[in-house]
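Input: a single structure, listed below in structure tokens.
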Amino acid sequence: MRTSTRGAIVRQKVTGHRLGETLVESGAISKPALAASLSRQRRLIAAAMAANSFVMAAGMPAGVEAATTKLQVSARILTHVSFRSVKTPTQIAITAVHVAQGYVDLEQPIEMEVRTNSSAGILMGITLNSPAFEGAVISGPTGTVRIESGAPTLILARQGRGMRTESLSMHLRIELARDAAPGVFAMPVTLFLAPA
């Protein structure tokens, strides 16, 4: 984030545009986040000026003709990660053929949209939460990973700059436990996201 902010400051000095406009153009901050930050900045400046006026109204020591006040304001852009499931099955059907081969391949990929401003990308945690399944193989944007039942695996997703929405698609093969029986089960995979 600091690199994109420094780059925006350099561009701002060259173009003469306002820093906030340059940050929005570079994707380092969204327009609503800029508006909220500027509003907060105005309130802080107003509070500082009111406090300064109060001190000045209390009177200046004898012999002092003028006073200056220096005010420094800074803001921090918080990292954001959220996702929306586009296509995720809620159940999985296991047949006798699946039991014989020892796994089930989901017919359709799991699809989601991820919204983030993390410059380092996102970590996606995946856990299996059913004893009927002993592992899974997930193929996604960063390669193929095998996970075991109950053990979370974190996958680093794509990196980028500024607030952006990415579509992720993952193919899933679920490995069955040795004593698995045919039937319909709730989807045994739980996904969670965090900034990298």
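The values are calculated or read from the model by the stated rules, or taken from the named source; none is laboratory data. Quick caveat: nothing in here was measured; it's all calculated off a predicted structure. Please note: Cβ atoms are built from the backbone with ideal geometry, for glycine as well, and neighbour counts cover all protein chains shown.
Give segment 94-124 a look and list any residue that's without any contact (Cβ under 8 Å) to a residue 40 or more places away in the chain and at positive phi, or say none.
Hits for segment 94-124: nothing passes.
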Residues being touching a Leu at 6+ places or on another chain (Cβ under 7 Å) and under 23 Å from Ala194 (Cα atoms): count how many of those fall in segment 112-134. 8
Whichever residue in segment 128-145 is surrounded by fewer than 15 Cβ atoms within 10 Å (Cβ to Cβ) and part of a strand (DSSP E or B) and, among such residues, is modelled with the lowest pLDDT: Gly143
Filter pass, Ile122 being farther than 22 Å from Thr90 by Cα and either modelled with pLDDT of 80 or more or not acidic (Asp, Glu) (or both): yes
Can you spot a residue in segment 26-34 that is small (Gly, Ala, Ser), loosely packed, with under 12 Cβ neighbours inside 10 Å and at pLDDT 65 or above? no
Could you list all residues from segment 167-196 that are of a type in the set (Val, Ile, Thr) and surrounded by 13 or more Cβ atoms within 10 Å (Cβ to Cβ)? Ile174, Val189
Scanning for something within 20 Å of Gly125 (Cβ to Cβ) and modelled with pLDDT of 80 or more, does segment 146-160 turn up at least one residue? yes
